[in-house]
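**Student:** Would you mind keeping the following structure in view while I ask a few things?
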Amino acid sequence: MDKFVITGGRPLHGEIPVSGSKNSALPALAASLLTEETVVLHHIPRVRDIRTMQRLLVDIGASVDAEGDAVRITAAQVISPEAPYELVKTMRASSLVLGPLLARAGRARVSLPGGCAIGARPINLHLAGLEQLGAAIEQSHGYVEATAPHGLRGARVRFDRITVTGAEDLMMAAVLARGETILENAAREPEVTDLAELLVKMGARIEGAGSSTIRIEGVEKLYGAEHTIIRDRIEAGTFLIAGAITGGDLTVTGCPVEHLSALLDKLRQAGVEVRTEPHAATVRAPGRLRSIDMTTQEYPGFATDLQAQYMALMTQAEGIAIISETIFENRFMHALELARMGANIRIDGRNALVAGPSRLTGAGVIASDLRASASLVLAALCATGETVIDRVYHIDRGYEKIEEKLARAGALIQRVE
């Protein structure tokens with residue numbers, strides 16, 4: 001397994017570009033199964049989860065041609081409506097093909113998803129919604145088997161709690177269902193809106209994406225389309241924190257500023273100088289950072305996918321910051337690894353108390369999940385000495401060539417096989 005070797009203590013300067021959003025590209029790739037015509041997607045990031053999804057589409061029967069950051073998918077036939085465990089065991093997004101396969105082929109067999117070990121992320125909300133649309137659902141041997149021999153029909157579905165992939169899955173199922181579907185308490189994340197824009201280009205009738213109520217009027221057929229994926233707000237936020245934690249002067253280009261208000265507010269409160277333009281943001285760190293409490297929330301609140309990175313930043317701030325994780329119950333595993341580097345962190349249920357500033361020193365650490373990996377990279381960038389991060393395949397799931405991007409901004413980081 002690959003490792004990162006990072007020598008810290010160097011402020012980041014210059015520019016770092018942001019890739020397309022992984023969390024937007026994955027449902028867009030799944031949506032290509034809804035039509036027999038060609039779908040062309042631009043700004044697709046070259047990360048491990050995307051490669052896994054592309055292999056899954058090929059297994060199902062689609063042709064997939066990638067060139068640069070563009071991907072052409074043609075699912076003329078659905079040969080095998082199945083997502084096998086061997087292929088998708090490392091990827092949470094496998095459940096996103098449930099809705100499209102049910103809508104297009106009338107059946108789907110999908111392995112219960114894997115991905116990061118950050119707590120329970122049951123897909124029962126997806127399954128309950130699909131049942132309301134007329135699907136028959138069974139679970140056995142680690143698989144979800146769903147059938148809709150008479151097709152799907154519109155319904156009013158209210159999510160018990162907000163779920164991004166659930167909203168995306170139900171939206172893709174409903175576009176070919178008979179009648180109107182109304183999704184209530186729906187996720188408002190930009191990735192949901194981006195998927196809706198692609199589906200509308202394909203001929204779907206969708207209103208309200210980006211709000212808590214989404215209306216979908218089913219159509220008989222969808223068509224080919226061309227679409228550009230939005231930029232990755234989590235990658236952008238990670239790099240902005242990298243600039244701040246290293247005491248640098250860093251510009252993140254291609255930055256979806258409008259999707260990062262919660263993070264930018266916290267950075268400013270902590271004393272970071274932040275300048276924004278329509279498609280870029282620059283951070284310049286002050287002499288001292290202030291500890292600022294933070295609570296993760298569904299969009300437009302502070303993203304849970306930036307919690308670990310923010311915790312790393314707070315190790316360098318003066319005072320005590322209380323970080324509350326409300327989305328996942330097991331997302332503080334990075335705290336133990338940060339403590340190995342010298343961080344002063346105490347976990348109390350869903351709260352982490354971070355006292356700083358701490359003098360971080362290089363150490364051997366292990367990445368436990370995708371965003372925890374990013375927090376360890378950030379801590380290593382400002383630590384004294386050399387840090388070796390093991391299991392970086394986690395970070396490869398969601399960051400495109402992160403070591404190359406950071407190195408261009410002055411970081412001493414290398415990948416070791």
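Every read-out reported here was derived from the displayed coordinates using simple, explicitly stated rules and does not represent laboratory data. Predicted model only: the values in this text are computed from it and were never measured. A quick note on method: Cβ atoms are made from the backbone with ideal geometry, for glycine too, and the neighbour counts reach across all protein chains shown.
**Student:** Using Cα pairs closer than 8 Å and at least 6 residues apart in sequence, work out the relative contact order for the range 22-228, in percent.
**Tutor:** It comes to 20 percent, rounded to a whole number.
**Student:** Mind putting a number on the dipole of the chain about its Cα centre? Charges go on the C-beta only, +1 for Lys and Arg and -1 for Asp and Glu, and I need it in Debye to the nearest 20. Before the final figure, lay out the partial values.
**Tutor:** On the way: 44 positive and 50 negative charges, 124 e Å.
Around 600 debye, computed over the chain.
**Student:** Given q = 0.10, 0.14 Å⁻¹, what are the Debye log10 I(q)/I(0) values for the chain, with equal point scatterers placed on the Cα positions and solvent ignored?
**Tutor:** Results for the chain at q = 0.10, 0.14 Å⁻¹ read -0.66, -1.20.
**Student:** Please compute the net charge surrounding L376, taking Lys and Arg as +1 and Asp and Glu as -1 over other residues with Cβ under 12 Å from its Cβ.
**Tutor:** Once positives and negatives cancel, what remains is +1.
**Student:** For L12, enumerate residues with amide H under 5 Å from its amide H, sequence gap 5+ or separate chain, H modeled in the peptide plane.
**Tutor:** The list, which skips near neighbours in sequence, is T246, G248, D249.
**Student:** Follow-up question, since we're still on this one. Taking 25 Å as R0, compute the FRET efficiency from the Cβ-Cβ separation of Q269 and E15 and round it to 0.05.
**Tutor:** Calculated transfer efficiency: 0.50.
**Student:** Across bins of 5 angstrom width beginning at 0, how are the C-alpha pair distances of the range 262-417 distributed, in whole percent?
**Tutor:** 2, 9, 18, 23, 22, 17, 8, 1
**Student:** Please state, to two decimals, what the Cα-based radius of gyration of the range 19-142 comes to when divided by 2.2 N^0.38 Å (N = residues).
**Tutor:** Taking the Cα Rg and dividing by 2.2 N^0.38 Å, one obtains 1.02.
**Student:** Right, next: Viscosity 0.692 mPa s, temperature 37 °C: what is the translational diffusion coefficient of the range 272-315 from Stokes-Einstein with a Kirkwood Rh over Cα pairs, rounded to a whole number of µm²/s?
**Tutor:** 269
**Student:** For the chain, with a Gaussian network of springs between Cα atoms less than 10 Å apart, report the residue from P45, P286, P100 with the top mean-square fluctuation.
**Tutor:** Result: P286 has the largest fluctuation of those listed.
**Student:** Could you check the spin-label model distance between E86 and R340? Points 7 Å from the Cα along Cα→Cβ, value in nm.
**Tutor:** It is 3.3 nm.
**Student:** Each label point is 7 Å from the Cα along the Cα-to-Cβ direction; what then is the distance between the points at R158 and L353, in nm?
**Tutor:** With each label placed 7 Å out from Cα toward Cβ, I get 4.0 nm.
**Student:** Please identify the trypsin sites (Lys or Arg not before Pro) of the range 258-303 that satisfy two criteria: DSSP loop assignment and at most 16 other Cβ atoms within 10 Å. Which are they?
**Tutor:** When the trypsin sites (Lys or Arg not before Pro) of the range 258-303 are filtered for loop state and at most 16 Cβ neighbours within 10 Å, R288 remain.
**Student:** Using the Karplus curve 6.51 cos²θ - 1.76 cosθ + 1.60 with θ = phi - 60°, work out ³J(HN,Hα) for each residue of the range 180-189 in order, rounded to whole Hz, and write x for Gly and Pro.
**Tutor:** Once θ is set to phi - 60°, the couplings for the range 180-189 become 9, 10, 10, 9, 10, 6, 7, 5, 10, 4 Hz.
**Student:** How big is the range 22-228 along each principal axis, measuring the range of its Cα positions in Å and listing the largest first?
**Tutor:** The Cα atoms of the range 22-228 stretch 40, 37, 32 Å along the principal axes, largest first.
**Student:** Could you rank the peptides 349-358, 224-233 by their average count of other C-beta atoms within 10 Å per residue, with the highest value first?
**Tutor:** Final packing ranking: 224-233, 349-358.
**Student:** Let me ask something else. In debye, nearest 20, what is the charge dipole magnitude of the range 22-228 about its Cα centre with +1 on Lys and Arg Cβ and -1 on Asp and Glu Cβ, if you could check?
**Tutor:** 300
**Student:** Quick one: which residues, 5 or more positions from T38 or on another chain, have an amide H under 5 Å from its amide H? H modelled 1.01 Å from N in the peptide plane, none for Pro or chain starts.
**Tutor:** Here G224 satisfy the definition.
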